[in-house]
Every structure is written in C-alpha cells, then in structure tokens.
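The next block holds one structure in the form of structure tokens; read it before the comments.
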Amino acid sequence: MGDMILEIRHLSKSFGSHEVLRDIDFCVEKGDVTSIIGASGSGKSTLLRCVNLLETPTSGEVLFHGKNVADRSVNTAEYRSHVGMVFQSFNLFNNMTVLENCMVGQIKVLKKSKGIARENAMRYLSQVGMAPYINAKPRQISGGQKQRVAIARALAMEPEVLLFDEPTSALDPEMVGEVLSVMQDLAQGGMTMLVVTHEMAFARDVSNHVVYMNQGIICEEGTPAEVFGNPQKQETKDFLSRFRKN
Ligand SMILES: Nc1ncnc2c1ncn2[C@@H]1O[C@H](COP(=O)(O)OP(=O)(O)OP(=O)(O)O)[C@@H](O)[C@H]1O
Ligand SMILES: [Mg+2]
C-alpha cells in the first residue's frame, strides 16, 4: 500500500454561523495527484487553507503522517514547510528578484546557507524554464512566468506535498498551457499534489483522484474515469455538463 501523507478526518469549518465545510474526509498518499473541483463558493479554497492551517478547522483532524497538525501544540510554521502552496495570485515578493524569491524561504525557514539556497533555487528555476529570468523583478515578467517562479519557489522548500489553489485562473488564456505543462511534469515526476482547479482536462488527464465538492461537502470522489466517465450523483452530472457547454 502507498505511503499515507495526509488524512483529513471529519473536518468542518464555519465562519460565524455560516458552515462552509461539513464533515470532509479524504486521504492523500505519496505520489497522488488529487484534483478538487466544484462550483464557486463550494468551499474548495477554504478546504485547502484548512489543510495547510491558514484557516483553523472548527472541528475535525488534519493528520500529517498520522499526527494531528490541527492540534494547538503543533508548530504550524514547521508543518507548513512540508506543505507548499501555490496561489492563484502568485504572491511573489515584488521587491525581490526571481532568484531572491526562491532563496528567501530556504534561508529564513530552512536555515540553509546562501550558497546552497542559490544552488537549489537555480535548479528549480531551470526545471520550470525560468533560469534566464533570475535577475528580473516580478513586475517585469508575465503572469505565466510569475506562476512558474511561484512553483519553483514552492519546490525549493522541498515539500512533501504541494497545494495549488486555481493556479491558472488569473492568467491570460495563452499562458495557461505553460503552467499546466509544468504541473504535468511535476505530476509525472512523482510529486504529491492537491490541486483546486477549473481545468477539467487537467483533472481528467493528469490526476489519479478527483474530489467533487458541492456546498461544503464532498459530493462524489473517485478516479477520473469514475467521476468524469460514470458520475453517480445528479449534482456531479449537472456540474460536469455545465462545464462541457462552456
Ligand atoms: N474568511 C472568511 N470569512 C467568512 N466567510 C468566508 C471566508 N472565507 C470564505 N468564506 C465563505 O466560504 C464559502 C466558501 O468559500 P471558498 O472561497 O472556500 O469557495 P471556493 O470553492 O474556493 O470558491 P471559488 O471557486 O470562487 O474560489 C463562501 O460562501 C465564502 O463567502
Ligand atoms: Mg477558491
């Protein structure tokens, strides 16, 4: 059996009286590429933010290698260094160069030397095709390039799992492909990934596990063949048919 990295158990999240996530259960094993799909407002981002503890779950557990990291005694910063995150809006440091963006976390959080941090940063920037831009500032590069730098920055922390929240939604259409192709390469290289996405082709063709969320619950989950090829729930069928029309 696979090596279990994350187990989400009975996770719920409310903002005031608004229950946004209800009794969410799923697992991520090493090498899994899990896509989370669902309509706007269904709780996908909140779920991802609960997984890396940017939000505190109201109840339930987030087990990382069997240990509940939602427990108050856990060092959140240490946990987060194992769980990379790539945001829709890149969140690069605009006053730093591309290279510095990929070094700072390694130096500050992982306590790497400048030399080692630079070496790692260069390796991951090359991997995403951004080595020629190391001295550029974020404002000098395109959205697709920024997102590739954000991916390299996350990789430079050598996380065990990478979380992506709609990494291509803020991009001009012509730049979506270059980011998806980097993500596909990572998946093929065995990276464990949890990806919130509206890119149904990515969910269908690249992931091995698809989670369909509707109104704060997991409505249906399974392999891409199951969820896309033979959806069981009417809500899933309706969601997928809305997408096919667009
Ligand atoms: N910090 C917050 N305070 C109050 N309500 C919130 C907060 N964050 C999210 N919500 C609410 O939780 C619900 C789910 O939001 P969430 O952003 O998780 O949805 P989503 O599935 O990611 O949507 P989208 O596809 O538009 O990104 C929404 O009704 C939203 O208004
Ligand atoms: Mg969202």
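Among His198, His18, His209, whose mean-square fluctuation peaks in a Gaussian network model of the chain (Cα, cutoff 10 Å)? So, out of His198, His18, His209, the one fluctuating most is His18. Once the chain from Gln188 to Cys27 is taken as fully extended at 0.36 nm per residue, the excess over their C-alpha distance is 56.0 nm. Histogrammed with a bin width of 5 Å, the alpha carbon distances of the range 26-138 distribute as 2, 9, 16, 19, 17, 16, 13, 7, 1, 0 percent, first bin at zero. Students often forget the sequence filter, so: which lysines lie under 28 Å Cα-Cα from Lys114 once same-chain residues fewer than 8 apart are removed? List returned: Lys137, Lys146.
Counting alpha carbon pairs within less than 8 Å and at least 6 residues apart, what relative contact order, in whole percent, applies to the chain?
Values: 450 pairs, mean separation 63.6, N = 246.
Result for the chain is 26 percent.
Pick out, in residue order, every one of the trypsin sites (Lys or Arg not before Pro) in the range 60-118 that is DSSP loop and has at most 11 other C-beta atoms within 10 Å; say none if there are none. Please list the in-between numbers first.
Numbers: sites: Lys67, Arg72, Arg80, Lys108, Lys111, Lys112, Lys114, Arg118; in loops: Arg72, Lys111, Lys112.
Passing sites in the range 60-118 are Arg72, Lys111.
Going by accessible surface with a 1.4 Å probe and the largest first, Ser59, Ser207 read Ser59, Ser207.
Treating each Cα of the range 154-246 as one equal point scatterer and applying the Debye formula with no solvent, the log10 of I(q)/I(0) at q = 0.16, 0.18, 0.21 Å⁻¹ comes out as -0.72, -0.90, -1.15.
Round to the nearest 0.05 the FRET efficiency obtained for Ser126 and Ala201 when R0 = 30 Å and r is the Cβ-Cβ distance. Rounded to the nearest 0.05, the efficiency is 0.65. Using alpha-carbon pairs under 8 Å, 6+ residues apart, how would you state the relative contact order of the range 104-246 in percent? It rounds to 15 percent for the range 104-246. Taking only the C-alpha atoms of the chain, Rg followed by Dmax gives 17.9, 55 Å. When only alpha carbons are used to place a centre, the range 50-115 and the range 186-246 end up 26 Å from one another. Each residue, Arg244 and Glu226, gets one label point 7 Å from its Cα in the Cβ direction; the gap between the two is 2.1 nm. With protein chains left intact and a 1.4 Å probe, residues in the range 69-128 average 56 Å² of accessible area per residue.
When DSSP beta bridges are restricted to pairs lying wholly in the chain, around 55% turn out antiparallel. Estimated from helical segments only, the mean residue ellipticity of the chain at 222 nm is -10500 deg cm²/dmol, where each DSSP H run of four or more residues counts as -39500 (n - 2.57). Within the listed set Gly16, Gly41, Gly177, the residue fluctuating most in the Gaussian network model of the chain (springs between alpha-carbon atoms under 10 angstrom) is Gly16.
The values are calculated or read from the model by the stated rules, or taken from the named source; none is laboratory data. Fair warning: this is a prediction, and the values are worked out from it, not measured in the lab. In this analysis, Cβ positions are derived from the backbone assuming ideal geometry, glycine residues included, and neighbour counts consider all displayed protein chains. Surface accessibility is based on the protein's heavy atoms, side chains included, excluding ligands, DNA and RNA. Shrake-Rupley method; radii C 1.70, N 1.55, O 1.52, S 1.80 Å.
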